[in-house]
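Right, I'll just put the structure down here and ask away after.
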Amino acid sequence: MTPSELLATSLLLGLFVLLAGCYGVLYCLGRLGHSVTMLRSSYIAYCLQALAAVVIAASTPLELWWKILVVASCVVYLPIPPVTWRYLESLHEPKEQHS
Amino acid sequence: MFRSQQLALKYFAAAVTLFGIMVIAGLLSATYYLQDGFLLNKLDFSVAKMLHIDTMIIWLLMGFIGAVYWFLPIELERETEGIKLAELMFWIFCVAVAVVAAVFIFVQYGPATQTTLWLINQGRKYVEAPRWAAIGVVLVVLVFMYNVVVTAVKAKRITGIMAVLMVDLVPLFALYLIAFPAITNMSEDLYWWWWLVHLWVEATWEILIGCIMALALMQLLGTSRRIVETWLYIEVALVLGTGILGLGHHYFWIGTPSYWLAIGGFFSALEPLPLLGMVVHAVYDAGTHRMKTTNKPAFYWMMAEAFGNFLGAGVFGFMMTLPQINLFTHGTQWTVSHGHFAFWGAYACGVLAVIYLALQKSRNLLQVQGTAWKWSFALLNIGMVGMVGALLVSGIAQAFYERAMGGSTLQAFMEAQRNPWFVQGMVMRLVFGFVFAAGYAVLVYDLLTLGKRRLAEKALGARVMGGPA
């Protein structure tokens, strides 16, 4: 791995997770504020994350195993915000009904 | 107020004091990089660094113990069993920490003998405290375990949180025993030593802070037990599922078999996943409560914990955790950057949240108000983000010039240390260190005067109006 490749790869890996965070936060803000724009922004963030995964897979010197792991984890990131959100809502439902 | 809660306040006071010593030792440690010969042969870098890291571990541990002593009587609706013993252990703990710190500062090191090991320094990174003090830590944790377990049993009330907490206390105690053996084989020694360091930090402490946050959420937001316990179980499963074998990322370069490269890389790559779930949960809580709470500092520090954990452990961790990258980054300022951010996010913010909660109750404040907490919150977080950003720049310069270009030779190391990117990163780290220190000073002021300032203002107003002071 050349010095430039090291720098590019590590920054891409950081960006990959950072975009996952942006996706999660924007998704929540969209659901909270019933904002279609926010929700769309969250999906754009996820698309950028997927793009980062593709760039990592296509252009970095990581071994194939790690590239597969990054792409697979990118797929796993997709349902985390909506599933967590739905789960949180279902947990809170009975309490809201009581109050 | 229960005696257990009074003890908790003492633990918080000790924790915040040690937090301050950690900050001073951190500023000193940062200065060595900029001024050759700074305090040479008086207080060497190794001593300042040791003080910085050890006080960090102890102040967080004291914060956790204090938090549990605070919530225990609330959770179990009775006084903590063996409270007298717990109070005695607190003072022993404080005296031991003070003596060890004094020995570190004034004696520093001794010959490679059993006497040194028992009285001065065990010589193992992060657990340098001499053996007598290490035994003291074991006793403190044992008494702490006794307090928690016996109180729960006598109360005949083993809630979900209590069950998780009690199970977690076993590895919290048992893993610390790894601080004791003096193994001469370096690989073997590091293999077990990482059990203590990693499994404390990324397993038992995670669970402990999870339990504490669950109890804090019930008190702060009135969240139902069902919700916090369900979420705690999920967190425990996910954190342990990824965190335990994530240990492997410390085994890459210490002489362990190469299969650890695959195990460590794989599980470390999964570690950000549950952290994203926590961020979602934090935003959900913030949104549903519309940021309205009677204790904004506690609430903001809890939010900071979720985001700090994600950024520090998740983003900064994933940048450097895969073996091919880690080959170049381990042991550089890049790692230091990740370590600072992750500890701050995962633990320090949580402890500060609980301290604010406890002070609100102990001082009978309906609402925690003022602007000081906002200043301390902003300065501490800006200081921390600035420091980790600067350390990241220095670390990248090291990985780039020393490791990837220079091939990790001594000459490459020296050249990287003189590289402008590295040096400027170090300068900015110190600058932001002072910002952080200013935040700490405001935090102490706020904690000391919280709830008292308004009374003082009222008294002053009454005097101005001619009324009784």
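Output the residues belonging to the range B:1-20 that are closer than 16 Å to B:A101 by Cα and crowded, with 19+ Cβ neighbours inside 10 Å. Explain how you work it out, then say what you get.
Here is the first cut: in the range B:1-20, the residues closer than 16 Å to B:A101 by Cα are B:14-20.
Of everything in the range B:1-20, those that are closer than 16 Å to B:A101 by Cα and crowded, with 19+ Cβ neighbours inside 10 Å turn out to be B:A14, B:A15, B:V16, B:L18, B:F19.
When only residues in the range A:10-38 that are surrounded by fewer than 22 Cβ atoms within 10 Å (Cβ to Cβ) and among the polar types (S, T, N, Q) count, which is nearest to the other protein chains (Cβ to nearest Cβ)?
Going through the qualifying residues, I end up with A:S35.
Another question, if that's okay. Which of the following residues is within 14 Å of another protein chain (Cβ to nearest Cβ), closer than 30 Å to B:P297 by Cα, of a type in the set (V, I, T) and surrounded by fewer than 24 Cβ atoms within 10 Å (Cβ to Cβ): B:V385, B:V393?
Selected residue: B:V385, the only one of B:V385, B:V393 that is within 14 Å of another protein chain (Cβ to nearest Cβ), closer than 30 Å to B:P297 by Cα, of a type in the set (V, I, T) and surrounded by fewer than 24 Cβ atoms within 10 Å (Cβ to Cβ).
Just checking: which of the helices (runs of 4 or more DSSP H) contained wholly in the range B:7-125 hold 2 or more residues that are of a type in the set (D, E, K, R) and either closer than 26 Å to B:L443 by Cβ or at pLDDT 95 or above (or both)?
In the range B:7-125, B:45-76, B:83-102 are the helices (runs of 4 or more DSSP H) which contain 2 or more residues that are of a type in the set (D, E, K, R) and either closer than 26 Å to B:L443 by Cβ or at pLDDT 95 or above (or both).
Yes or no, residue by residue, for (1) more than 9 Å from chain A (Cβ to nearest Cβ); (2) within 24 Å of B:L357 (Cβ to Cβ); (3) within 23 Å of the chain's Cα centre (by Cα):
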{"site": "B:G243", "(1), (2), (3)": "yes, no, yes"}
{"site": "B:L247", "(1), (2), (3)": "yes, no, yes"}
{"site": "B:I254", "(1), (2), (3)": "yes, no, no"}
{"site": "B:P257", "(1), (2), (3)": "yes, no, no"}
{"site": "B:D285", "(1), (2), (3)": "no, yes, no"}
{"site": "B:T294", "(1), (2), (3)": "yes, yes, no"}
{"site": "B:M302", "(1), (2), (3)": "yes, yes, yes"}
{"site": "B:N309", "(1), (2), (3)": "yes, yes, yes"}
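So, one more: Does the range A:39-61 contain at least one residue that is without any contact (Cβ under 8 Å) to a residue 24 or more places away in the chain, more than 7 Å from chain B (Cβ to nearest Cβ) and aromatic (F, W, Y)?
So far as the range A:39-61 goes, yes, one or more of its residues are without any contact (Cβ under 8 Å) to a residue 24 or more places away in the chain, more than 7 Å from chain B (Cβ to nearest Cβ) and aromatic (F, W, Y).
Being under 29 Å from B:V197 (Cα atoms) and either over 18 Å from the mean Cα position of the chain (by Cα) or polar (S, T, N, Q) (or both) is the requirement here; does B:G370 meet it?
no
Out of contact with any helix residue (DSSP H, G or I) (no Cβ under 9 Å at 6 or more places or on another chain), in a helix (DSSP H, G or I) and of a type in the set (K, R) - does that describe any residue in the range A:29-42?
Scanning the range A:29-42, I find no residue that is out of contact with any helix residue (DSSP H, G or I) (no Cβ under 9 Å at 6 or more places or on another chain), in a helix (DSSP H, G or I) and of a type in the set (K, R), so the answer is no.
Which condition does B:Y284 not pass, out of (1) in contact (Cβ under 8 Å) with a residue 24 or more places away in the chain; (2) touching a helix residue (DSSP H, G or I) at 6+ places or on another chain (Cβ under 6 Å), if it passes all the others?
(1)
For A:L7, indicate whether it is facing chain B (nearest Cβ under 7 Å) and either buried (at least 20 other Cβ atoms within 10 Å of the Cβ) or in contact (Cβ under 8 Å) with a residue 60 or more places away in the chain (or both).
So A:L7 fails the test.
Something else: Can you tell me how many residues within the range B:15-46 are among the acidic types (D, E) and free of Cβ contacts under 8 Å to residues at least 24 places away in the same chain?
Number satisfying all stated conditions: 1.
For the range B:245-295, which residues satisfy the criterion of being part of a loop (DSSP other than H, G, I, E, B) and more than 29 Å from B:T184 (Cβ to Cβ)?
B:E271, B:H289, B:R290, B:M291, B:K292, B:T293, B:T294
Got a number for residues in the range B:312-352 being away from chain A (no Cβ under 14 Å), touching a residue at least 40 places away in the same chain (Cβ under 8 Å) and more than 13 Å from the chain's Cα centre (by Cα)?
Looking only at that region, the number is 1.
Just a yes or no: is a residue in the range A:65-74 assigned to a loop (DSSP other than H, G, I, E, B) and surrounded by 13 or more Cβ atoms within 10 Å (Cβ to Cβ)?
Within the range A:65-74, none of the residues are assigned to a loop (DSSP other than H, G, I, E, B) and surrounded by 13 or more Cβ atoms within 10 Å (Cβ to Cβ).
The values are calculated or read from the model by the stated rules, or taken from the named source; none is laboratory data. Quick caveat, the model's predicted, so the values are computed rather than measured. Neighbour counts run over all protein chains shown; Cβ positions are idealised from the backbone, glycine included.
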